[in-house]
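Structure record follows, encoded as structure tokens.
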Amino acid sequence: MPETTETELMVLAAKAGLADLPPEYQAELLSAYRHLERMLARIRSDRPQGDEPAHVFVASTFQREG
Amino acid sequence: MAFFTIAEAAQRIAARQLSPVELLEICLARIDAVDDRLNSFVTLTRERAMAEARIAEAEIMAGRWRGPLHGIPYNLKDIFETKGIRTTGHSRSLSEYIPAEDCDAQTRLSEAGGVLVGKAATWEFAHGGPSWDVLFPPCRNPWDLDKDPAGSSSGSAAAVAAGLVLGTMGSDTGGSIRGPACANGIAGLKPTYGRVSRRGVLPNCFSHDHSGPLAWTVEDVAILMNLVAGFDPRDPACVELPVPDYTAGLSDGVAGLVIGVPYRWIEEEAPASAVTRSALDAALDVFKAMGASIRPVEMPALRAYEDAKKVIAMAELHTIHGPVLRARPDLLGASLRYRIIAGGLITAQDYVQAMRMRTELARAMQVAFKDIDLMLLPAGEPAKTLQPQPPESLFTKVGYTTAFNVGGNPALALCMGYSPEGMPLGLQIAGRLWEEDKVLRAGHAYEQATPWRQRRPALVS
């Protein structure tokens, strides 16, 4: 998977509300994202459509609220 | 000054041979002697503790002994909310937070008559550390003050090892109970996800957070589990299941149990050091001599467990700390900040994909446990020098503990000897979901068969 460009990264950062971080923190963001990106590449595999995530809504949990 | 386990102290207190006030005075004297160097406490509740000890003493003298925690000094990791007592998460961003309510664990331990001595050092919000740029200095290791006590339940484990308290509660999202238990040579249990309430515990990563006890012996961990395990309707992850008496079958031994060893993990993917491997092999021999059988077990890659957990955790952590990060990033230590800052860039698609991967990995874990009763492996490596870690180590590190957070399975760390430098070595015993009793039974059998509980850190000996 090609590495996310700095421009693309800044778009993602803006969407996350991080566009106004001081420059030193922007550098941290870029550095950390490079490591995250490798993990993301490893989890992005094709899965069956019905493959459910680990945390699904369990209605009985909310019976306790009643 | 004498060292007591909870079991020993409880017996003497119940027999009125030891007063809770005397026991607290021993702990406070030791705290006064060493904790300015150890840094295991961030808040000491001396007067409150003495008042609680006096009440316990009066109740016991009046014939109203509540049980094995009555009059026993304990502390809580400083992410456990305590009514009227500052709870900081070791963070400058929460330096003045005084909760209005106790967390579930404190409610239960207090009702059992325990004596809360204070709040223990942690890594910032149980995640980033060790750090020198947060609210308090980092805790040190009582076996060697230059060494790392590991995290994030650092102060909890160090205080128990040094005999400053007899028991404690920590949290474990990727190994934060078991790592410090290993580094400090004590016992610590990450229970099954949903067995012990996390209500009132500052979150690290909702989907992987576990609360659990640490103490000097496995028997003491079982005593604490009897108090803190159980359904809490206010923790959405808590499961309503019967809770066994964890002390009842402790001495039943391990004869006939089948133990799996994930050799590929410890030989190829994350090779154990020679000293740790040698101690593990000796521990396996002890289990064989006690009648257990040993076999290899095949597991998915450790790296897969780490990837799924870390992507999920970064997204959840960023959601929790994003407001502070955006408004006052300087209030967070560099270690935590680096570990969460990119979490805001994880898409919903990637988060769900990581959650799907968790399903697959958790299932694989339960399949492995169909043919074995327990899994044995190291809990970690002996403590190294306490120093700042490269920030990227979170992403590159592969350890032996996180897989059991992803699977949700109970996992116990306990002492399995000492390195040539005198630092504790840690054994990890994992079990099937909800079978903490079997895990504790195996740990107790190993402790009884080995001499490791006869030594305390030179700092307090």
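We did not get these values from a lab; they are worked out from the coordinates using the rules stated. A quick note: this is a predicted structure, and the numbers were derived from the prediction, not measured. Glycine gets a Cβ as well: all are built from the backbone with ideal geometry, and neighbour counts include every protein chain shown.
Quick rundown of the values:
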quantity: Positive-pole candidate from A:Ile43, A:Ala32, A:Val11, dipole of the stretch A:1-45, charges at beta carbon; calculated: A:Ile43
quantity: Dipole magnitude of chain B about its Cα centre (Cβ charges: Lys, Arg +1; Asp, Glu -1), debye to nearest 20; calculated: 240
quantity: Fraction of beta bridges assigned by DSSP in chain B that are antiparallel (%, nearest 5); calculated: 70
quantity: Residue mean of other protein chain beta carbons inside 10 Å, B:344-352; calculated: 5
quantity: Prolate/oblate/rounded call for the stretch B:145-196, Cα gyration tensor, a/c under 1.5 rounded; calculated: oblate
quantity: Nonlocal amide H pairs with B:Glu381, under 5 Å, H built at 1.01 Å; calculated: none
quantity: Between the stretch B:264-296 and the stretch B:1-35, the Cα center-to-center distance that results, in Å; calculated: 36
quantity: Rule-of-thumb Rg ratio for the stretch B:214-270 [Cα; 2.2 N^0.38 Å; N residues]; calculated: 1.59
quantity: Total charge dipole magnitude, the stretch A:1-45, about the Cα centre, Cβ charges on Lys, Arg, Asp, Glu only, Debye to nearest 20; calculated: 320
quantity: Local net charge near B:Val243, Cβ-Cβ under 11 Å (Lys/Arg +1, Asp/Glu -1); calculated: -3
quantity: Kirkwood hydrodynamic radius over Cα pairs of the stretch B:329-461, then Stokes diffusion coefficient at 10 °C and 1.306 mPa s, in µm²/s; calculated: 89
quantity: Alpha-carbon Rg with Dmax, taken over chain B, Å; calculated: 20.4, 62
quantity: Given B:Lys83/B:Lys190; B:Lys288/B:Lys397; B:Lys288/B:Lys384; B:Lys190/B:Lys384; B:Lys190/B:Lys309; B:Lys83/B:Lys310, the pairs whose alpha carbons are separated by over 27 Å; calculated: B:Lys288/B:Lys397; B:Lys288/B:Lys384; B:Lys83/B:Lys310
quantity: The stretch B:426-461 residues near the modelled B:Gln366 label - backbone nitrogen below 13 Å, point 7 Å along Cα→Cβ; calculated: B:432-435
quantity: Percent of Cα pairs exceeding the 20 Å cut-off, where the set is the stretch B:398-461; calculated: 39
quantity: Alpha-carbon Debye profile of the stretch B:1-84, log10 I(q)/I(0) at 0.12, 0.15, 0.19 Å⁻¹; calculated: -0.37, -0.57, -0.89
quantity: Distance cut-off 18 Å, percentage of C-alpha pairs in the stretch B:188-231 lying past it; calculated: 25
quantity: C-alpha center-to-center spacing [the stretch B:299-333, the stretch B:337-387] in angstrom; calculated: 12
quantity: Given charges at Cβ of Lys, Arg, Asp, Glu: chain B dipole, positive-most of B:Gly260, B:Gly249, B:Ile312; calculated: B:Ile312
quantity: Spin-label pair B:Glu22/B:Leu145, simplified geometry with 7 Å Cα→Cβ offset, distance in nm; calculated: 3.0
quantity: Translational diffusion coefficient (Stokes-Einstein; Kirkwood radius from C-alpha pairs) of the stretch A:1-45 at 25 °C, 0.890 mPa s, in µm²/s; calculated: 221
quantity: Given charges at Cβ of Lys, Arg, Asp, Glu: chain B dipole, positive-most of B:Phe395, B:Pro329, B:Pro20; calculated: B:Pro329
quantity: Under 5 Å, built H, 5+ apart or other chain: amide partners of B:Gly129; calculated: none
quantity: Magnitude of the charge dipole, the protein assembly as shown, Cβ model with Lys/Arg +1 and Asp/Glu -1, debye to 20; calculated: 320
quantity: Values of log10 I(q)/I(0), in the order q = 0.12, 0.13, 0.16, 0.20 Å⁻¹, for the stretch B:96-243 under a Debye, Cα-only, solvent-free model; calculated: -0.45, -0.53, -0.82, -1.29
quantity: Förster radius 56 Å - calculated FRET efficiency between A:Thr7 and B:Val243, Cβ distance, rounded to 0.05; calculated: 0.55
quantity: Compactness of the stretch B:203-335 as Cα Rg over 2.2 N^0.38 Å, two decimals; calculated: 1.43
quantity: Fraction of alpha-carbon pairs over 43 Å apart in the protein assembly as shown - percent; calculated: 13
quantity: Value in Å of the Kirkwood radius, where the stretch B:271-320 supplies the Cα pairs that are averaged; calculated: 14.1
